[in-house]
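What follows is one structure encoded as structure tokens, with my remarks underneath.
The values are calculated or read from the model by the stated rules, or taken from the named source; none is laboratory data. Only a predicted model underlies this, so the values are computations on that prediction, with no experimental measurement involved. Cβ coordinates were reconstructed from backbone atoms using ideal geometry, including for glycine residues, and neighbour counts include every protein chain displayed.
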Amino acid sequence: MIRIGNAALAKSGEVSVPVTKLIKDVAKTLEKSGYLSEVKQEKGVLVVKLAIKRKEPVIMRVKLISRPGLRIYMRADEIGKKRGPSKFLITTPKGIMMSDAAIKNHLGGEVIAEIL
């Protein structure tokens, strides 16, 4: 997530990240939400292209919420109270999803990151 956020701040079009199941699921979720334009896997590396709108990356900033030493969990009704321009990336029992999908499915879970 930090690499994607740094690429957005540097206005770089693409970034390579090591492949893990979590990173792959996060990338697919961000692609489905329109934050990434393309995700492809090459020899143990995931190549991610940022979505561009008006010559600017769609992702402005990424803020990590949960850490190994401090896990942050939210219920579905708590996610709905955190309105604003940002969205949360949440791990739920049904998989990784954005905050609007978690609210729609009445699911809570661990908050991975906030995307502005």
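To keep it simple, each residue is scored yes or no on (1) over 16 Å from the mean Cα position of the chain (by Cα); (2) closer than 17 Å to L22 by Cβ; (3) of a type in the set (G, A, S).
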residue	(1), (2), (3)
K53	yes, no, no
V58	no, no, no
P68	yes, yes, no
R75	yes, no, no
K81	yes, no, no
K87	no, no, no
A101	no, no, yes
I115	no, yes, no
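Being buried (at least 16 other Cβ atoms within 10 Å of the Cβ) and modelled with pLDDT of 95 or more narrows it down to one residue among V58, V111, V62; which is it?
Step by step, each of V58, V111, V62 is checked, and only V111 is buried (at least 16 other Cβ atoms within 10 Å of the Cβ) and modelled with pLDDT of 95 or more.
Is it fair to say L30 is within 9 Å of the chain's Cα centre (by Cα) and in a helix (DSSP H, G or I)?
Against the criterion (within 9 Å of the chain's Cα centre (by Cα) and in a helix (DSSP H, G or I)), L30 qualifies.
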